[in-house]
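Note sheet for the following structure.
The values are calculated or read from the model by the stated rules, or taken from the named source; none is laboratory data. Keep in mind it's a predicted model, so treat the numbers as computed, not measured. Reconstructed Cβ throughout: ideal geometry from the backbone, glycine too, with neighbour counts over all protein chains shown. Each accessible area value is taken on the protein alone, full model and side chains, heavy atoms only, with ligands, DNA and RNA left out. Shrake-Rupley method; radii C 1.70, N 1.55, O 1.52, S 1.80 Å.
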Amino acid sequence: MERTFLEWVILIWNSNWSLFLIGARNTLFIALTGTIIGFAIGIVIGIIRTIPIDDNTHPVARIAYKIINFLLLCYIEVFRGTPMIVQAMVVFYGAAWIYNIHLSPITAGIFIVSINTGAYMAEIVRGGILSVDKGQFEAAHSIGMTHFQTMANIVLPQAIRNILPATSNEFVINIKDTSVLSVISVTELFFLSKSAAGVNFAFFQTMSITCVIYFIMTFTVTRILRYIEIKMDGPSVFTIHGSQSVPEAQIRIVNRE
Amino acid sequence: MDKIIEIRHLQKSFGTNVVLRDINFSVSKGEVVCIIGSSGSGKSTLLRCLNLLEYPSGGEILYHGNNILEQEMSNAVYRAKMGMVFQQFNLFNNLNVLDNCMVGQIKVLKKDPASAKEKAMEYLELVGMSQFITAKPNQISGGQKQRVAIARALSMEPEALLFDEPTSALDPELVGEVLKVMKKLARSGLTMLVVTHEMGFARDVANRVVFMDSGVIVEDDVPEVIFNNPNNERTREFLRRTLEE
């Protein structure tokens, strides 16, 4: 008996829906955790790599900074310069072979995604910090703030706002790229879809469902992050409630930028 | 008179480019000093050296008699005593008008939020921006931004306020509101050091006018002498060119 595409999809969903949902949950969990940890790594490294070093810096501090900066650069270049699928293999099997540590696939997966995202985010954060107008640093210094006060109160909030689109991009990439973790048997969406397809040999129909689930996840995430961006920006029009002469007046000041 | 800042043999060079050579002058409490001169004469660099935004290459900056380039006083502590108003306003874009005036008081002076707010409101009132406390910098005009920037600097209760061409980035119609605030401050006895192209302001408000050219102070005198009867040919030439426009 010949089934139509729709009948196939319904059949596959009915017999495998729990696999799809578990896979989607694991994918989202790894991508979210990995993005958050990677973001934190990126912030820390981005801050370290933008510490101002000039002629007045103590020579010992300058040398220490050079060494740390070199090591961070090595980390960034190595993890940006090799495929995540290979990193997954190396870390997962390497941990077992060298240190005799048998990581659970999910732990290994989160670890890989985190340090991989961290390497990208480090450069994104650095760019975000450099994109903040030099005048902001000068104004903060001019009222007596130290470098770290300036960073925490003035520069980072602006840098983080500026890098939100890039961060949301990383998150979407992570949702999709967790699929490479199937090589170390992480039970994420692609891995479980493959096992579902292996039962009925309907690869096209099964993967079509997988596609839709991936898209729903990525699309939802981009919408949510866009909403956060808009919230952070606030309204572009400022309304004063009541003026000195007319208390009930509403004066609208239109954004002049 | 009590000298707040005294500068001796100050020098500044960027690489081989000497911007300031052997600058000597002082500012006493309550004085309003205007620094005039053509672009590239080093007047902004001089002001920025006073706040250590540029680190001098040589010479001394005496703050109440102590050389801050040698003393153990940290740059941050000294800077908090020298307020600065920038040409490009440089309001903190992530904070609203009120927080712009409070953040320094809370983080640097370690004041509690209530008294910081009181102080901030006092100065926002003075510059006429108290109605805009919840506005973000991108929601207000250039003149309003500059007035908030002045309130922010005043909230730190500095000993002197440095103005780096405060009206040069403003539309002509907005220059007046900022100058009005500055005149008010000058009359209140605030020590001010103003780099400006506003000759009218220098003539009417300043106690002293300093004319700079090619990194040196050419003439330093009361406005009556500088504007009516300058001693130096270069001053005369500069004023003739500027006032003709």
Review point. GluC sites (Glu not before Pro) within the stretch B:1-61: which are DSSP loop residues with at most 13 other Cβ atoms inside 10 Å?
Key: none
Point to revise | Entries in B:Lys107/B:Lys136; A:Lys134/B:Lys183; B:Lys43/B:Lys119; B:Lys43/B:Lys184; B:Lys29/B:Lys117; B:Lys3/B:Lys107 that, when Cα-Cα distance is taken, lie over 22 Å | key: A:Lys134/B:Lys183; B:Lys43/B:Lys119; B:Lys43/B:Lys184; B:Lys29/B:Lys117; B:Lys3/B:Lys107
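Could you look at the protein assembly as shown and say what percent of its accessible area is carbon and sulfur, using a 1.4 Å probe and all protein chains?
The nonpolar share, carbon plus sulfur, comes to 59 percent.
So if R0 is 35 Å, what FRET efficiency would A:Thr57 and B:Ser188 give, r being the distance between their Cβ atoms, rounded to the nearest 0.05? Intermediate values should be presented prior to the final figure.
Numbers: r = 40 Å, r/R0 = 1.15.
Using R0 = 35 Å, I get an efficiency of 0.30.
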Practice item. Express in nm, to one decimal, how much length is gained between A:His102 and A:Leu21 on full extension, taking 0.36 nm for each residue of separation and deducting their alpha carbon distance. Key: 26.5 nm
Point to revise | DSSP-loop trypsin sites (Lys or Arg not before Pro) across the stretch B:108-199, with at most 14 other Cβ within 10 angstrom | key: B:Lys110
Check your understanding: Based on the alpha-carbon gyration tensor of the protein assembly as shown and its eigenvalue square roots a ≥ b ≥ c, which shape applies: rounded if a/c is under 1.5, prolate if not and a/b is larger than b/c, or oblate?
Key -> prolate
Check your understanding: Rounded to the nearest 500, what is chain B's calculated 222 nm mean residue ellipticity when only DSSP H runs of at least 4 contribute -39500 (n - 2.57) each, over all residues?
Key -> -11500 deg cm²/dmol
Study note, to complete from the structure: Per residue, accessible area of the protein assembly as shown with a 1.4 Å probe, heavy atoms of protein chains only, in Å², comes to 48
Exercise for review: Note down the net charge around A:Ile129, summing +1 for each Lys or Arg and -1 for each Asp or Glu among other residues with Cβ under 14 Å from its Cβ.
Suggested key: +2
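Would you mind giving the mean number of other chain beta-carbons within 10 Å of the Cβ of each residue in B:89-100, as a whole number?
On the way: counts 2, 9, 3, 11, 8, 12, 4, 2, 1, 0, 1, 3.
Mean inter-chain Cβ contacts per residue within 10 Å come to 5.
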Check your understanding: When only C-alpha pairs under 8 Å and at least 6 residues apart count, what is the relative contact order of the stretch A:5-252, in percent?
Key -> 29
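Mind checking the mean number of beta-carbon atoms from other chains within 10 Å of the Cβ atoms in B:15-27?
Numbers: counts 0, 0, 0, 0, 0, 0, 0, 0, 0, 0, 0, 0, 0.
If you average over the peptide's residues, the count of other-chain Cβ atoms is 0.
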Point to revise | Cα→Cβ-extended label distance, 7 Å offset, between A:Phe203 and B:Glu125, nm | key: 7.7
**Study point:** Most fluctuating residue given options B:Thr167, B:Thr191, B:Thr134, as computed from a GNM of chain B linking Cα atoms under 10 Å
**Key:** B:Thr134
Check your understanding: GNM on chain A, C-alpha springs below 10 Å: top fluctuator among A:Ile67, A:Ile37, A:Ile110?
Key -> A:Ile67
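Give, rounded to the nearest 20 debye, the magnitude of the charge dipole that chain B has about its Cα centre when Lys and Arg contribute +1 at Cβ and Asp and Glu contribute -1 at Cβ. Before the final figure, lay out each step's value.
Working: 28 positive and 31 negative charges, 114 e Å.
Around 540 debye, computed over chain B.
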